[in-house]
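Some notes on the structure that comes next.
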Amino acid sequence: MKKKNERSAAMRFILKLFIFLIPFISLLAVYFLNDPFMVLKHYDRYDNSPVMLNESYIGWQMYMNNRDSIAFDSFIMGNSCTMAYPCREWEKYLNGGRAIRLFGNAESIAAICKKLQALEENGAEIKNLLLILDKESLGKDQLLNGHNYVLPPALSGISNFSFQEKFCQAFFFPNFLLPYLDYKIFHQYRPYMKGVINPYGVVRDPVTNDAINPREEMIQREGEAYWESHKKEFQKTRDPNYRNGKYRKGEPFLWQAQIELLEEISQICRKHNTSVKIIISPDYSQISINPADVEILKRFFGDTNVFDFSGINEYTNDIHNYYERGHYRPILGTKLLKRIYQEDKN
């Protein structure tokens, strides 16, 4: 009788546990069936997702999907400001080179180094390299681990289990799960979904990974009214010296760890006889990158291959070159490409 009661109690516990776990099991099924981050399965295209994706992973997958049919030999790397440099525009200066954008949000030089190493291991020809950098990317000597930034196992060397674990965990965090389920059920974008849901549809070219920025269409439609209606995105009220018209020099960011990474990058480029161009972005904040950092970059890549557009200049003075204070437009990227390649000829 006692054993029967114990078995009955055990069955009741298991039933209650199962009922308790039903929501978790259901959500896990949603995750595996929907694959919101597009990391569980192979896809031929990654250009139209309702979720903001890991750009480093997506860019690498697009490269692997197309490398056998397109002889990519030119690579745009760096942070999200690479959006200002369409591959087709850069290719005008490359004498037949085929380009793809392999960037990452908040990209570090550690990640750039890993990507170049992976390209080399995969037998890629690295004929041209365009690096879009700023003080933040130069200052990072470690890979970022968050699900939005982690490199795929083929680049980072982490296990596939560890890679997948980061996305599965991120799915269950309320700041992702709630807006995701809301959007999946009601198919309506709400402001609190910013950073989780992509409300714009197609945001990248399916082959080159060029950005298709919806704000460009807004500017074409609204004209000058765009900058008036978005003026809050250009302000930084906590800094009384923000864009005050005075020269401001940033702190140095390149130390021994970063220098070693730059040396590895330069060695790969020398091995492949790569034509390297480095652009230090025209940051809207108008803080000049530290001259010591510029000199270090020139030491590794040559005086004529490093172009510093930070600080106060004709480009950063014009608000029309920017979508908001963090990103500038292809209209400016086109001007900068023309300038650096004209200087290269002189």
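The values are calculated or read from the model by the stated rules, or taken from the named source; none is laboratory data. Small disclaimer: the values here were computed from a predicted structure and weren't measured. Accessible surface areas use protein heavy atoms only, side chains included; no ligands, DNA or RNA. Shrake-Rupley method; radii C 1.70, N 1.55, O 1.52, S 1.80 Å.
Quick notes on this structure:
- Solvent-accessible area of the chain (1.4 angstrom probe, protein heavy atoms only): carbon and sulfur portion equals 54 percent.
- Normalised by the number of residues in segment 55-344, the mean separation of alpha-carbon contacts (under 8 Å, six or more apart) gives a relative contact order of 22 percent.
- For the chain, the longest principal axis of the alpha carbon atoms and the long axis of helix 174-186 meet at an angle near 80°.
- For segment 200-346, the square roots a ≥ b ≥ c of the C-alpha gyration tensor eigenvalues yield an a/c of 1.5 or more together with a/b not exceeding b/c, which makes the shape oblate.
- For Rg/Rh (Cα atoms, Kirkwood Rh), the value computed from the atomic coordinates appears in the list (1) 1.05; (2) 0.98; (3) 1.00 under label (1).
- Table column - 3J(HN,Hα) (Hz), segment 194-211, Karplus curve with 6.51, -1.76, 1.60, x for Gly and Pro: 4, x, 10, 9, 8, x, 9, x, 5, 10, 8, 6, x, 10, 8, 6, 4, 6
- Straight-line cross-link partners of LYS114 among the aspartates and glutamates, defined as a Cα under 12 Å from its Cα and at least 8 positions apart when in the same chain: ASP141, GLU264.
- Residue pairs, from the table LYS194/LYS277; LYS115/LYS335; LYS135/LYS194; LYS115/LYS338; LYS298/LYS338; LYS41/LYS92, whose Cα atoms sit over 31 Å apart: LYS194/LYS277; LYS41/LYS92
- Near the amide H of VAL51, within less than 5 Å, lie the amide hydrogens of ASN198, all on another chain or at least 5 residues away, with H placed in the peptide plane.
- The phi torsions of segment 56-72, fed into the Karplus equation with coefficients 6.51, -1.76 and 1.60 and a -60° offset, translate into couplings of 5, 5, 5, x, 5, 5, 5, 4, 5, 5, 10, 5, 6, 9, 10, 7, 4 Hz, rounded to whole numbers, with Gly and Pro shown as x.
- Surface per residue (accessible, 1.4 Å probe) for the chain, Å²: 52 Å²
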